[in-house]
1. Condition check: hydrophobic (A, V, I, L, M, F, W, C) and modelled with pLDDT of 95 or more. Does LEU95 satisfy that?
2. Hey, among LEU402, LEU441, which residue is more than 19 Å from SER185 (Cβ to Cβ) and surrounded by 10 or more Cβ atoms within 10 Å (Cβ to Cβ)?
3. Can you find, within region 426-465, the residue that is nearest to LEU84 (Cα to Cα) among those that are of a type in the set (Gly, Ala, Ser) and free of Cβ contacts under 8 Å to residues at least 24 places away in the same chain?
4. Test of understanding: among ALA179, ALA189, which residue is under 23 Å from ASN409 (Cβ atoms), of a type in the set (A, V, I, L, M) and surrounded by fewer than 20 Cβ atoms within 10 Å (Cβ to Cβ)?
5. Taking the criterion of being within 19 Å of ALA65 (Cβ to Cβ), β-branched (Val, Ile, Thr) and more than 19 Å from the chain's Cα centre (by Cα), would at least one residue in region 161-179 satisfy it?
6. Limited to region 18-34, what total is found for residues that are open to solvent by 50 Å² or more (accessible area, probe 1.4 Å) and either in contact with a Leu (Cβ under 8 Å, 6 or more places away or on another chain) or closer than 19 Å to GLU158 by Cβ (or both)?
7. Within region 103-159, count every residue that is open to solvent by less than 70 Å² (accessible area, probe 1.4 Å) and on the phi > 0 side of the Ramachandran plot.
8. When region 207-237 is examined, which residues are found to be in a loop (DSSP other than H, G, I, E, B) and surrounded by fewer than 23 Cβ atoms within 10 Å (Cβ to Cβ)?
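The values are calculated or read from the model by the stated rules, or taken from the named source; none is laboratory data. None of these values were measured; they are calculated from a predicted model. Don't worry about glycine lacking a Cβ; one is built from the backbone with ideal geometry, like all the others, and counts go over all protein chains shown. To get the accessible areas, we keep the full protein, side chains included, count just its heavy atoms, and leave off ligands, DNA and RNA. Shrake-Rupley method; radii C 1.70, N 1.55, O 1.52, S 1.80 Å.
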Amino acid sequence: MTDKNDPDAGARAALRLIGPDPANWVPDRPGVDHNVLIVGGGQTGCAFAFALRRAGVGRVSVIDAAPDAERAGIWTNGARMNVLRTPKTLAGPELGTAALSFQAWYEARHGAEAYAAFERIPRQAWVDYLAWYRDFLAISVRYGTRLERIEPAANYLENPHFRLHLNSGVETARKIIIATGFEGSGGIAVPDVLSDLPPALCAHTGDDIDFTALMGKDLAVIGGAASAFDAAAVALETGARSVHLFARRPTLAATPISRSRGYPGAYDNYYTLPDAVRWHQAIRYRRAGSTAPQDAVDRVLKFPNFHLHLASPWLSAREDSGRIAAEAAGGAYRFDFVIAGTGYAADPNLRPEFADFARHILLWRDRFTPPPAEEDPFLGTHPYLGPGNEFMEKSPGAAPYLNDIHCFNPAGFVSFGVPIGDVPSMKRGHASVTAQISRDLFLADFDHHQRRMTGDVPADFGPALYAKAVWNPAST
């Protein structure tokens, strides 16, 4: 039973029952501000802050480049779907504490029947839940703080840590979790055909698009995946005169191929599979295509001014009298604006914060040579991650600090088989990364812990407590 007058009662009881947070057991290091810096204050970063707290790892800081909580994370920016893509039953940031789950939060406010009435979680409800999660667990996020450069300390081998160049100054940390979503994987992928268009005429679905400025205009959307359909839908709902969506494939991708491995055995053990198996799974996904869910397609089909162009890649685009003159496989067109729903690149070499060492990061193309029929340069630039999502060295010994940077964003797709940072990755990923960070910090400070574990421990009581009960044959 839940009390709608006190919807947080169950969550408070759960925290009481799991006991107080352990004290920080990580010893301070000279010149080090943070044991762990989490870059990204969305669902991933906040869940890591909670997980590390429960593991007794203190001095953890969370930063986010967004100016405030209302503008942080993908759910209030690039995400334009009405409902989440993932099943509502998947484990999420509650990390095993059921009373902190979305279901518990929602039912405490709206009732079990209301929760049962929908199949997929409404996006705004998810936004509200994540805000509650952050506030209820008192997770502090330093908004308006951008990571610009990661510099391994000059004395890294003697005192392993990083100098973190932020827009607010320089800080230091022993461990870093990169929880920066799709853009943090490398950057937005914009087709070369749009490179000559001015910013006033084009955008990427990852951009903050003012759809009200597009009312009454003719729009083109390039791409056939979910983000393209979501942008087309918002444009139509906001009053665009027409929206033409151009897809390269002759039919829309409609087979969610990764669903075949959507069970705990595959989720939890995927990383242990041979490289050839993981690569083949990634190739299967690439060839099947990223699917737009049916509700996203239905959303645009309600509008007679929506037009779908199949097998119609753009061949050229130029500005002409303030509009776009485009050539596609299906003919010539003129538009007022174009939106690229063409995804993101996954390549650490594209991230400015990694500039000091990106050349040392092991990529899949460095580790695995696929058969000719499965070659794919896009997949090859994904980082080849370790079991705790840590970067690995291309040449052993060249950059030993890389295993202290944990990449928890979609760049981990080839290594782990799921969209890292999204809900399906949380059950396995947060536990394994937290465990590895804990283990690494413990072993790095083992001299300290050896002294602590073998130190003197005062007795709880002395012989006087039990003296009168000691058997003495002479007294019988």
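1. On the way: hydrophobic (A, V, I, L, M, F, W, C): yes; modelled with pLDDT of 95 or more: no.
Spelling it out, it is not the case that LEU95 is hydrophobic (A, V, I, L, M, F, W, C) and modelled with pLDDT of 95 or more.
2. LEU441
3. Filtering region 426-465 down to residues of a type in the set (Gly, Ala, Ser) leaves 429, 431-432, 435, 438, 444, 455, 459, 462, 464.
Next cut, free of Cβ contacts under 8 Å to residues at least 24 places away in the same chain only: 455, 459, 462, 464.
Values: GLY455: 52, ALA459: 56, GLY462: 62, ALA464: 66 Å.
In this case the residue turns out to be GLY455.
4. On the way: ALA179 fails: surrounded by fewer than 20 Cβ atoms within 10 Å (Cβ to Cβ).
The conditions single out ALA189.
5. Step one: filter region 161-179 for residues within 19 Å of ALA65 (Cβ to Cβ), giving 162-171, 173, 176-179.
Pick out the ones that are also β-branched (Val, Ile, Thr) and you get 170, 176-178.
Within this subset, residues satisfying the condition of being more than 19 Å from the chain's Cα centre (by Cα) are 170.
Checked region 161-179: at least one residue is within 19 Å of ALA65 (Cβ to Cβ), β-branched (Val, Ile, Thr) and more than 19 Å from the chain's Cα centre (by Cα).
6. The qualifying residues number 4.
7. Number of matching residues: 2.
8. Of region 207-237, the ones in a loop (DSSP other than H, G, I, E, B) are 207-210, 215-217, 223-225.
Matches in region 207-237: ASP207, ASP208, ILE209, ASP210, MET215, GLY216, LYS217, ALA225.
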